[in-house]
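Taking it in order: structure first as structure tokens, then the write-up.
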Amino acid sequence: MSRLNVALFIILAIMAMNSPCVNARPKTYVHIINGLVAKYVLNIHCYSRDDDLGHHTLPVSGHFDWSFGTSIFGNTVFKCDMNWAGGHGVFKVFWEDEQLQRKCHFNNCIWLAAIDGLYVKDLRINRFVFMYPWQKYLIKLPK
């Protein structure tokens, strides 16, 4: 086989593996829940290298959910910029790591924003586990 044929074969194989028809990986679901108290809304902006999911304002107990197929290369990452009156931060809410995958039962990551930070639900024990603290604002915001 010539080098050109080999290169074309490799390109077509990669394209086929990324095709939804060929990719047998199950969809992954991510849920962000506003678990803040009383009147505090949670502003979020979630994105990956390939997808921008837009800006959303979640009321107390509100949620934002999405699903996606992971990369065959194991490098899918989703982050969310989050802020509310008591803090802010940029948090990884999905990455292809075995420890996170086990907590999420491999395809269902549930995140809870609380007063002290962000929690992920460990579905094996049916309990939220603390993952990230909020960064505090340098100035005091009015109430």
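Here Asp50 meets the list (1) at pLDDT 90 or above; (2) surrounded by 14 or more Cβ atoms within 10 Å (Cβ to Cβ); (3) not hydrophobic (A, V, I, L, M, F, W, C) almost entirely, failing just condition (2).
Just one of the listed residues (Phe68, Phe91) is farther than 23 Å from Leu36 by Cα, surrounded by 16 or more Cβ atoms within 10 Å (Cβ to Cβ) and in contact (Cβ under 8 Å) with a residue 12 or more places away in the chain, and it is Phe68.
One line per residue, one yes/no per condition, for (1) hydrophobic (A, V, I, L, M, F, W, C); (2) at pLDDT below 95; (3) surrounded by fewer than 15 Cβ atoms within 10 Å (Cβ to Cβ); (4) out of contact with any helix residue (DSSP H, G or I) (no Cβ under 6 Å at 6 or more places or on another chain):
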{"site": "Leu12", "(1), (2), (3), (4)": "yes, yes, yes, yes"}
{"site": "Pro20", "(1), (2), (3), (4)": "no, yes, yes, yes"}
{"site": "Tyr29", "(1), (2), (3), (4)": "no, no, no, yes"}
{"site": "Lys39", "(1), (2), (3), (4)": "no, yes, yes, yes"}
{"site": "Phe64", "(1), (2), (3), (4)": "yes, no, no, yes"}
{"site": "Ile72", "(1), (2), (3), (4)": "yes, yes, yes, no"}
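If you check Cys104, Cys109, Cys80, which single one turns out to be touching a strand residue (DSSP E or B) at 6+ places or on another chain (Cβ under 8 Å), crowded, with 16+ Cβ neighbours inside 10 Å and modelled with pLDDT under 95?
So the residue among Cys104, Cys109, Cys80 that is touching a strand residue (DSSP E or B) at 6+ places or on another chain (Cβ under 8 Å), crowded, with 16+ Cβ neighbours inside 10 Å and modelled with pLDDT under 95 is Cys104.
The values are calculated or read from the model by the stated rules, or taken from the named source; none is laboratory data. All figures in this text were calculated on a predicted structure; none of them were measured in a lab. Every residue, glycine among them, receives a Cβ derived from its backbone with ideal geometry; neighbour counts consider all protein chains shown.
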